[in-house]
Structures are given as structure tokens and as C-alpha cells.
1. May I ask you to derive the FRET efficiency for residue 543 and residue 388 from their Cβ-Cβ distance with R0 = 41 Å, giving the value to the nearest 0.05?
2. Which residues in the stretch 730-744 have a backbone N closer than 19 Å to a point placed 7 Å from the Cα of residue 791 along the Cα-to-Cβ line?
3. Which shape class applies to the stretch 753-835: rounded if a/c is under 1.5, otherwise prolate when a/b exceeds b/c and oblate if not, where a ≥ b ≥ c are the square roots of the Cα gyration tensor eigenvalues?
4. Longer than 31 Å from Cα to Cα, which of 452/731; 132/197; 132/196; 56/125 are they? Say none if no pair is.
5. Take the alpha carbon gyration tensor of the stretch 370-493, find the square roots of its eigenvalues, order them as a ≥ b ≥ c, and report rounded if a/c is under 1.5; if not, report prolate when a/b exceeds b/c, else oblate.
6. Can you tally the net charge around residue 789? Count Lys and Arg as +1, Asp and Glu as -1, for every other residue whose Cβ sits under 10 Å from the Cβ of residue 789.
7. With a point put 7 Å past each Cα toward its Cβ, work out how far residue 821 is from residue 163 in nm, to one decimal.
8. Let's test the formula: R0 of 25 Å, r as the Cβ-Cβ distance of residue 306 and residue 330. What FRET efficiency results, to the nearest 0.05?
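Nothing in this text is a laboratory measurement; each read-out follows from the coordinates by a stated rule. Everything numeric here is computed off the predicted structure, so don't read it as measured data. A quick note on method: Cβ atoms are made from the backbone with ideal geometry, for glycine too, and the neighbour counts reach across all protein chains shown.
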Amino acid sequence: MVSSCNVVKRVKAGDHLITSNEILEDSIHVSDERINNIISQKVNSGMRKFLGFPLKLHVYNLARPNIDSIINANVLSDSTKVKRRIALLSKKQFDKQIESRRDFNAWLKRTGEAPVIYNEDQTIKTSKNLRKYYYSKGWFNNEVTYNVEKDSTKLAKVIYNVTKKKPYILDSLKPSISSPAIDSIYKKLIKATLLKKGEQYDEQNYENERERINTYLRNAGFYYFGQDYVRFEMDTIDTNHKINTDLIIANRTIRGDDSTTTTPFKIYKIKEVNIFTDDNFENRFRAISDTTVHKGFTLYSKDKLKFRPKALTDAVFINAGDNYSDLARSRTSRYLNDLQMFRYPNIDFIENENDTTLTANIFLEPKKKYALSFDPEINTSNIQTIGFSFGTGLKIRNVFRGAESLEISGIAAIGASKTRNVLEDSFFDINEFGGNIRLTIPRLFSPFNTDKIIPKYMSPNTIINLSATSQQNIGLDKQALSGIFSYNWFPSSTVTNSVDLFNINYVKNLNTSNYFGVYTNSFSSLNSIARDIGYIDSDASLYDESLTNQYSPADIFINDVLSGNTSLTSSDDDYLSVNNIEERKERLTENNLIFSTSFDYKKDKRKNIFDNDFSVIKWRIELAGNLLSSISSVTGNTKNDAGNYEVFGVAFSQYIKTEVDYVKYVDLGSKNVLAFRSYAGIAIPYGNSNSIPFAESFFAGGPNDNRAWTAYNLGPGSSQTTNEFNEANFKIHLSAEQRFSLLGSFQGAIFIDAGNIWNVLDNVTEDAATFTNFNSLKDIAVGSGFGIRYDFDFFVLRFDTGFKTYDPSLDQNKRWFRDYNFRNAVYNIGINYPF
């Protein structure tokens, strides 16, 4: 009742606020958003969407319709009050205060939403549009009526009743083609027709058929053809709800200054292809100085030709002797743009009237050969108080005259550590240096001819990347080297394929003695166990700052426990805890050598950034260590004490890893979107490894994962671990999120996240952390919550609040809604949507 009174606050006497629109199709409620969008007068946003609360309408109702009269009556009409305020504030501040009240009132109106008042003319318009819609779908004799239910509280409901009646069915399709050249290929043209005998009439099918015929003929050489030359005439008189259709394709119309002539369409062939390699405004009057002919293409340059001819001709799909084709034209334009060598490539066709041919002229304006970039940053994090970094990059285009791009970049950074305890130490005790070289080749760099497998219209390219970084006083400190040799190609506008033929990563940890300084929870557990068993005094510690390696007492304690030199036995829980800590320490401090090959597949059906009804699927498979294992076995390489082969003193990793990621968006209309995500990944070690490198393992939690847990804080399984970074080699994740509009650029969301990580088929034996069978799915964690987002157009600033709905780390009878409150919630800040 209160809500009803509020929403009609600005509704005049005799008017009615529309609270709902309903369409009944043969007495059945219609939920199809496309049909409901036909309604001219939509209800106020939020009336039925966001908990039945029309927020924008309430904001609008806060505005005063007669703000100027109110200000005049309450302030300006009282000269004494005006003088007193001006004396207190000054005339300028007083005027500004009055204007701010007007501005705020205008903002309320602008941000809010005026009440949607029932208008019979709009209802009649909607009825007519519904009749047109159902007519376009084959129900030619449909009827539409409407009922309006008004009440004394100024509210109204509108119900539209649609009676479809018997639909009309396509019975025949008869061609009437004026141009002999088109008539001669009609049988080929009509094989893929969208107009099928026996199907119900659909106006959209006829529109799509016109577009299909136009595309087919323009790709078959009919350069001057357009879909306006295609029309359909339908006969439904005395046909018993059947449609006889005439497909009419007219001759070409040529309009002159004072006359119009008609002529049959002709097929145009390409006579010659000319490529102007350095066309720009500055040298437009200069003469051609360099001409090169290569495989039927003629290349013109006003300076010396800077590209190898093959590099440019491989990007052109328009060939002399071929029929004109829109597809060849678009592929050429796309490929030339993908090279990133030229500004806005332009393709012109000139008709040769004497022999019905076309001359194709391709105009290219090269970009500058060198491009220099600088990227300074100031940042802070949980590792450093403040940090400064400087990155620079040099891009060299056409470096080997084959349209290749070479990018050389470097970074240097210094920072002040938050853990700097000794004041005498240098303030900037963190540093990082790195460099990267990337070469992009616009073709598959291979000794074999791959054109038949991956044609050049798929825009294949090869990427060779080398990088090196060195970090000090960041965690364990490390040096890293990596190299990638990869192929990429695009089979269609929605599909992207990528093969990392060789991907080499070498990571060397430099400061492994600081392990317990980074993983402090593990050290605390050790310290507590040592005190409990009397290994050290209750006020003592396994940390000794007088030693070069301050944490060496912790290492000695671990060795004593595992060697049986303490009171702990292998059956004690504390013994197992120490053993687990040691295994984790060995794994996270070991150097890694990963030599892998991988394949990535991505199919993205999103048409543009405004499309909210699409799906994206990604799949990746990676194999690591097989080549090195085969070479080590053939060459008779000896194994180390752990039974593993080594290369350059490092035991290389061997595993198979695969991931599947599927995202689906459903557009509910009115800026209301339902989004789903499902993800699964597994990495199985074998051969030379019994565990997965930390960098290749999975983690759960964080702003783009399960938002009720912080990153690395969830799992594995139901274990109650206190590790800083929890990871495992198997992961399942599911998310569902509904997004809706709130006020202006503010958007809201409610979400549910579910998933966890587990260990499987590796060296971890803890039952709680291991996925054994389908019963382990009971350890899937569930988080839920809500979010507020602000859309800046070019990115979205996101704030999400996640609540632990089902926590698998708790006892089984205490897992649901135990910490479901704001005190235990996790607050996430992110950029753009989580998926």
C-alpha cells in the first residue's frame, strides 16, 4: 500500500500509472522478449524487475515539479531572509546555493524516470504493431484486442489478446529472371534457398533470402548487382492458406543525367591488379619511380620499394582472371589491416567498358617504420610500500622487408619493502629488471607448404618471443627465462586457433632460505609444534636473526622430526603436518624447467560490445616434458637421486593439462542480462614429475572467481589449511550472475559462485584435499552476494560483496550459512565484468 501510494505521487487525477503489460497469445502468456518489446508504453523500469521496486520512478518523484515557485515562496519573496543570507554567505555564494537547488532538482528528474501514464493512442498503436508482427510470421488473419484494468489508486494493467488463426504455408517458388547470365546459374543459386516448400511464411526469411541472393551474385562476378533488384510477389487468393511466390530478378538500371536505361547484368572479371605501395597526401604529385611485377600483380612505388613483393601479394586475394568477388575484396582489406603496416588501405575498381573487366587498384600508405613508447608507473601493493617502474618499447615495422614487426621492450623497477626491518638497509630494497623481444611474421614460418591446411585467408601469423626477468627481495627472488614459438590463425570471424609449438620457461629461485619469511603461516605452525613437544622453550622461536639464514633453525627442526630425532612418530598428526610443510616447501622452492606444446581454441559468437546474447567457448590442451624425456632416454642421460632426469641441473616438468571455459549471456531486455560461466581444468603429472609446477596449478577465490573467498584462500577440497597460497591440479568453477540497470550509469548484480580445487593423481595424500570420486563434489564451495558497478563506457568499475553460503572446510553439519554476514564477507574491487 505504501509503495502504491508513493509511485503515484506525481500522477494527476484522472490519469493511471501502468503497472504491467501482458500479451496473451491464444490465451497463453507470452514471455518472448522480442514480442514484448513491441509494446509502445513500457512500465517503469524496476516495476517488475528489481524486487518489484521502481527505483528510478521514486528518484524522479523526489524532484519538485514547481521548484522555481518553491524557491521564490520560501526564500526570494522574503527580502529580509535574502539580505540576511547574502550578509552571511555573500551575493555570489547565495546565487550559487539557489542555483545548486535547481541543478539538484534537475538531476533528480534526469536520473530518475517519469511515471508512464496510460495512453489509449499508444495502446492502439501497440495493437496494430502486434497485428503486423504476427502477420509477418504467417498468421495473415490474426486479430488483436486489448483490455485495460484501472483501479481507484491510479494504477492500470493492460492486457493484449492475440488470436493467431490458421497460418499460411509456402507452396511454390517460381523464378522470373531478366538477365540471361543470372538465369544460367539459377539452379546453382537456388540450391541453398531459405524459402522451403511446406514451411510457414516468415517475412524475415524473405529478407534473408534477398540478402543471400545478393551475396551469391556479387561473389559470382556481378559487380553492379544489389539486393534492390530482387523482389518477391506472393499470391494467396483462393489458395487454402498456401502461398505461391514469384522470385523476380530485374535487369540493371543505369541512370544518366537526363535518361535511364536498362541492360542485362554481366559477369565482370579482374583484368589487372595494381598495388601502390607508398600512396600518401605528401607525395600525391610525385611520379612513379619503381615498378615491379610479381605473379600477375604490378607494384608501383614513388620511392624504392621497401617491401618484398611476396609480402604484399600474399595479402591480396583479388587475382587477375578471376571473377569479381566481394569476399575477395573483404579478405584483402582485412589481411592488409591485420599486417598493421598501413593506414586505412583503400581498394578501388575501375570498369573497362570495352571488354567487361575491372582494374583493381590498391592504395597503401605505410605507417612510420619506428615507434617508441614510454610507460612510467607509481604503485603500491601488499609487498611494497611504494614502487616506481619505467618501461620502454621500440617497435620496428617491416624489419626484414616481409611486413614483419619486431618489438623490443624493457622494464626497470625499484620499491620499498613493507618487511624491511633493519633501518640501515637501503630504503629501495626491491628491484626488478626485465627485457622482451617479440617478432611477428605475417605467415606460418615453416619449411613446409601449409597453404592447403591453413589457407592465407585465415590470416595466419607466427610469433617468436624471448624474455628474461630478474627480481630481488620479492618473495623468494627469482630469475626467469622464457621463449615461445607459436602459430595463430582465424578460420572464421568467430574462431581463433593458436599453437605454441615450443614454449620454454625456466625459473630459478635465488633466495630459498627466505621461504618461511614469505610463507609465515607455515612457519607459525612449525613454531607451535616445536613448542608443544618441548623442542624449544615456550617463549623461544625457530627464527634467529643473528644467523645468516635466520630460518635455519626451522629447517633443522624439520630434519630432526623426519629423521626421528624428536618425540614425534610417523603416526602423529604433528609429524604429518611437519612432513606436509616440508613437501610443500620443497615443491615451491625448486627450480622449474617447462618445455611444452599447446593448442588453444576459441569460439566467440559476440557480434559487438553491445551484444548481450552470445556464447564464448575456450579449450586448451598442453603437453610438457615429452620431448626432453625422449631425448634423455635415447641419449642415456642419468637420473638424479629422486629418479628424475635433469637438464642443465634442473629436473624438467612432465604433465598433460587441459582446460574448458564456457560463457553464456542471455539478454532479458531493458538492460537486464543473465550471465553463466562454467570452467573445468586438470593437470596430470607423469613420467619425470609427480607434481605440477606452482605456476601451472589452479587456485580458487578472488574477484574473478568465487567472490566469497579471497584469491588462493579456498580449498583444496575440505581441508582447513592456513597456507597463504592454496593451489591444486584439478578445478571446477560455476557462476551465475544477473545484471540490471539501477540509476544512470550505475548497475547492479546478484550472483552465485560455486567451485573448488582438489589434488588428483599427484603426490598429495591428504584425504581432505584429494578428489577421490564423485562424493568429493560435496566439497564444492558456494558463495553468493551482490554487486554495484559504474559504467564509464570504455570500462566498468566493479564492487562485489561475497558471502560464504556453503563452506566445505567446516564440519558437514555446519557448512550452510555459518558465516553469512557482512563481518565475514569478502569485498572485491575489479575492473570490468568477472566473465
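1. Details: r = 31 Å, r/R0 = 0.76.
Rounded to the nearest 0.05, the efficiency is 0.85.
2. Answer for this model: 737-744.
3. On the way: a/c = 3.45, a/b = 1.77, b/c = 1.94.
Oblate, because a/c is 1.5 or more while a/b does not exceed b/c.
4. On the way: 452/731 38 Å; 132/197 23 Å; 132/196 22 Å; 56/125 26 Å.
Violating the 31 Å limit, Cα to Cα: 452/731.
5. Working: a/c = 3.39, a/b = 2.68, b/c = 1.27.
Prolate, since a/c reaches 1.5 and a/b exceeds b/c.
6. On the way: positive: 739, 798; negative: 791, 800.
Combined, the nearby Lys, Arg, Asp and Glu give 0.
7. 6.2
8. On the way: r = 26 Å, r/R0 = 1.04.
FRET efficiency, residue 306 to residue 330: 0.45.
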